[in-house]
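The values are calculated or read from the model by the stated rules, or taken from the named source; none is laboratory data. Quick caveat, the model's predicted, so the values are computed rather than measured. Positions of Cβ are generated from backbone atoms using ideal geometry, with glycine treated the same way; all protein chains shown enter the neighbour counts.
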Amino acid sequence: MEPFNELTALVVPIDRANVDTDAIIPKQFLKSIHRTGFGPNLFDEWRYLDRGEPGRSCVGRPLNDAFALNQPRYRGAAILLARDNFGCGSSREHAPWALLDYGIRVIIAPSFADIFFNNCFKNGILPITLDGALVDRLLQETLATPGYTLTVDLEAEMVTTPDGEGLPFDVDPFRRHCLLHGLDDIGLTLQHLPEIEQYEQQRRQDAPWAFLVRDQQQQGVS
């Protein structure tokens, strides 16, 4: 997982409450278990005027010009502004995969669905909860100002506006540590690799019979 420390980036507004995971990445794309390749289908049903299908190129598909991701002023945005209860609905991890594959590293909203919120941290996306009035103001400023950017500093737990105003936010210390160091669940486990290998060696000595099948498989013996 790519570490996250500080980001200054263009902001894209999704000015809707209760954006569910089926809107973020529709159900027909859940057949793939790979974490990449979902970006072109992010918000597929809002972004395009026809139905997307797995394996179908998005090049040449008719676009919904009214949707923010299709507007040139938001091209390359890495910070997404949203309303209450972002990421509700089913628990699909494909939703943060699609956001990350598109290039979104930060989502700012007044509230998030719990499972989606947790999945963001596990996939290198920083979800930030700010007061609804603040989010509303940021949305209005984004809509009124082409090229609107924010700076997000995870170390300092601060969002800074273009005029220099600091907006503090809170992140659980463990999640903050994992994002700063790029540690997903696998990365956390690998930090204990010496202890795991030591246990395996001791286990092999104490119960060699438990390794017979695995050893035979590795040696190509049926």
**Asked** Considering only the range 121-141, how many residues are in contact (Cβ under 8 Å) with a residue 12 or more places away in the chain and polar (S, T, N, Q)?
**Response** 2
**Request:** Looking for whichever is hydrophobic (A, V, I, L, M, F, W, C), in contact with a Lys or Arg (Cβ under 6 Å, 6 or more places away or on another chain) and modelled with pLDDT of 95 or more here; the options are Ala17, Ala23, Ala9. Which one fits?
**Result:** Ala17
**Fill in**
Within the range 111-146, the count of residues that are buried (at least 17 other Cβ atoms within 10 Å of the Cβ), hydroxyl-bearing (Ser, Thr, Tyr) and over 19 Å from the mean Cα position of the chain (by Cα) comes to 1
**Prompt:** Taking the range 151-164, which residues are in a strand (DSSP E or B), of a type outside the set (A, V, I, L, M) and in contact (Cβ under 8 Å) with a residue 60 or more places away in the chain?
**Reply:** Thr151, Asp153
**Message:** If the requirement is being surrounded by 12 or more Cβ atoms within 10 Å (Cβ to Cβ), at pLDDT 80 or above and part of a helix (DSSP H, G or I), which of these qualifies: Leu167, Leu179?
**Reply:** Leu179
**Asked** Residues of the range 124-139 being in contact with an Asp or Glu (Cβ under 7 Å, 6 or more places away or on another chain) and more than 18 Å from Arg16 (Cβ to Cβ), which ones?
**Response** Gly124
**Request:** Would you please name the residue that is surrounded by the most Cβ atoms within 10 Å (Cβ to Cβ), looking only at residues in the range 4-24 that are acidic (Asp, Glu) and in contact with a strand residue (DSSP E or B) (Cβ under 6 Å, 6 or more places away or on another chain)?
**Result:** Asp20
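Let's see how each residue does on (1) more than 24 Å from Ala133 (Cα to Cα); (2) touching a residue at least 60 places away in the same chain (Cβ under 8 Å); (3) surrounded by 15 or more Cβ atoms within 10 Å (Cβ to Cβ):
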position: Pro26; (1), (2), (3): yes, no, yes
position: His34; (1), (2), (3): yes, no, no
position: Ala78; (1), (2), (3): no, yes, yes
position: Ala82; (1), (2), (3): no, yes, yes
position: Asn85; (1), (2), (3): no, yes, yes
position: Ser91; (1), (2), (3): yes, yes, no
**Message:** If I ask for residues that are among the small types (Gly, Ala, Ser) and buried (at least 16 other Cβ atoms within 10 Å of the Cβ), which ones from the range 36-46 would you list?
**Reply:** Gly39
